[in-house]
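No lab work stands behind these numbers, since they all come straight from the coordinates. Every value quoted in this text rests on a predicted model; they were computed, and no experiment measured them. A quick note on method: Cβ atoms are made from the backbone with ideal geometry, for glycine too, and the neighbour counts reach across all protein chains shown.
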Amino acid sequence: MPEVDGTDEVPGEDQVLDESRARSLGRQVAGVDEAGRGPLAGPVVAAAVLLDPGREIDGLGDSKQLSPARREELAATVREAALAWSVASASAVEIDRLNILQATMLAMRRAVEALSVLPTGVLVDGNRCPPLAFPVQAVIGGDRTVAAISAASILAKVARDALMVELDDQYPGYGFAAHKGYPTHAHRAALADLGPCPEHRRSYAPVRIAEAARR
């Protein structure tokens with residue numbers, strides 16, 4: 001990941017949940033995941049999904065392991081079959097102000113709070129949990145093992161990819177539609193040539209360096 005300001009603190013063991021303990025959170029457990037911590041530009045996006053236990057969705061898994069077409073198919077299915085779902089984000093400005101970890105927690109909290117059906121508990125992919133009004137636990141690797149988190153992973157990825165395509169139209173020349181803001185060679189070359197746009201994260205070292213080089 002690019003260098004960022006702020007520290008990603010590692011939680012104590014009591015914050016990390018084994019999947020077998022998920023039942024303690026109640027019957028309506030929402031899954032939460034994010035997309036876009038590593039890119040140099042654009043928002044970080046989070047999704048929250050409360051699945052319908054009576055409507056199993058085949059093929060859920062880590063969004064990064066799915067083709068774009070399959071992600072789109074599954075995202076449509078999740079939106080249609082879930083009891084509730086929501087997508088939220090934290091902007092590049094918020095990332096720079098808070099740091100990427102805290103901005104990710106903010107996006108996750110916004111997603112959960114936007115659910116139309118209140119969950120009895122929340123499972124979050126990774127090892128950090130946002131502050132919520134509901135019981136919440138982290139699941140390392142949850143996007144591969146917990147269906148609701150997998151569904152959230154897919155919605156977050158699809159939503160963020162669509163946002164980056166829109167930003168490609170707004171800020172041509174950077175190739176956002178292709179690399180989605182990640183630090184590819186093409187993106188770094190465009191950044192050096194054009195300088196940062198308003199959607200670039202100034203708290204990330206490659207962006208700061210490119211901006212300083214143009215002064």
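Can you list the residues, at least 5 places off or on another chain, whose amide H is less than 5 Å from the amide H of A41, using H built in the peptide plane?
R201
In degrees, nearest 10, range 0 to 90: what is the angle between the Cα axis of helix 100-113 and the longest Cα principal axis of the chain?
On a 0 to 90 degree scale, this one is about 40.
Mind listing the phi-derived Karplus ³J(HN,Hα) values for the range 197-207, rounded to whole Hz, using 6.51, -1.76 and 1.60 with θ = phi - 60°, and x for any glycine or proline?
Computed from phi, the couplings for the range 197-207 are 9, x, 8, 7, 8, 5, 7, 8, 4, x, 6 Hz.
Counting pairs of alpha carbon atoms under 8 Å apart in space and at least six apart in sequence, what relative contact order in percent does the chain give? All intermediate terms of the calculation are to be shown ahead of the outcome.
Working: 434 pairs, mean separation 66.0, N = 215.
Reported relative contact order: 31 percent.
Under a point-charge model restricted to the Cβ atoms of Lys and Arg (+1) and Asp and Glu (-1), what is the dipole moment magnitude of the chain relative to its Cα centre, in debye to the nearest 20? Don't skip to the end; give the middle numbers.
Working: 23 positive and 29 negative charges, 52 e Å.
Its charge dipole is roughly 240 debye.
Where is the GNM fluctuation largest for the chain (alpha-carbon springs, 10 angstrom cutoff): Q102, Q65, Q137?
It is Q65.
Can you tell me the order of 78-84, 198-204, 154-160, 41-47 when each peptide is scored by its average per-residue count of other Cβ atoms within 10 angstrom, highest first?
Working: 78-84: 17.4, 198-204: 21.3, 154-160: 26.9, 41-47: 28.7.
So the peptides 78-84, 198-204, 154-160, 41-47, ranked by packing, come out 41-47, 154-160, 198-204, 78-84.
Taking the Cα atoms only, what angle lies between the long axis of helix 147-170 and the longest principal axis of the chain, rounded to 10 degrees?
30 degrees
The range 13-168: D in µm²/s via Stokes-Einstein (Kirkwood Rh, Cα pairs, 37 °C, 0.692 mPa s)?
So the translational diffusion coefficient is about 217 µm²/s.
Can you tell me the length gained on complete extension of the stretch A133 to R97, counting 0.36 nm per residue apart and subtracting the Cα distance? Present the calculation step by step, with values, prior to reporting the outcome.
On the way: separation 36, 0.36 × 36 = 12.96 nm, distance 2.41 nm.
Residue separation times 0.36 nm, minus the Cα-Cα distance, leaves 10.5 nm.
With each pseudo-label sitting 7 Å past Cα toward Cβ, what's the R55-A69 distance in nm, one decimal?
Reported label-point gap for R55 and A69 is 2.5 nm.
Per DSSP helix of 4 or more residues, -39500 (n - 2.57); summed, then divided by the residues of the chain. What does that give at 222 nm, rounded to the nearest 500? Please report the intermediate quantities before stating the final value.
Details: 8 runs with 86 residues, N = 215.
So the calculated ellipticity at 222 nm is -12000 deg cm²/dmol.
Using only Cα atoms, tell me the angle between helix 68-81 and the longest principal axis of the chain; keep it within 0 to 90° and round to the nearest 10.
Taking the Cα atoms of the chain, the angle to 68-81 is about 40 degrees.
Full-extension gain between R214 and A177, please, as 0.36 nm times their residue separation minus the C-alpha to C-alpha distance. Please report the intermediate quantities before stating the final value.
Values: separation 37, 0.36 × 37 = 13.32 nm, distance 2.46 nm.
Value of the extension gain: 10.9 nm.
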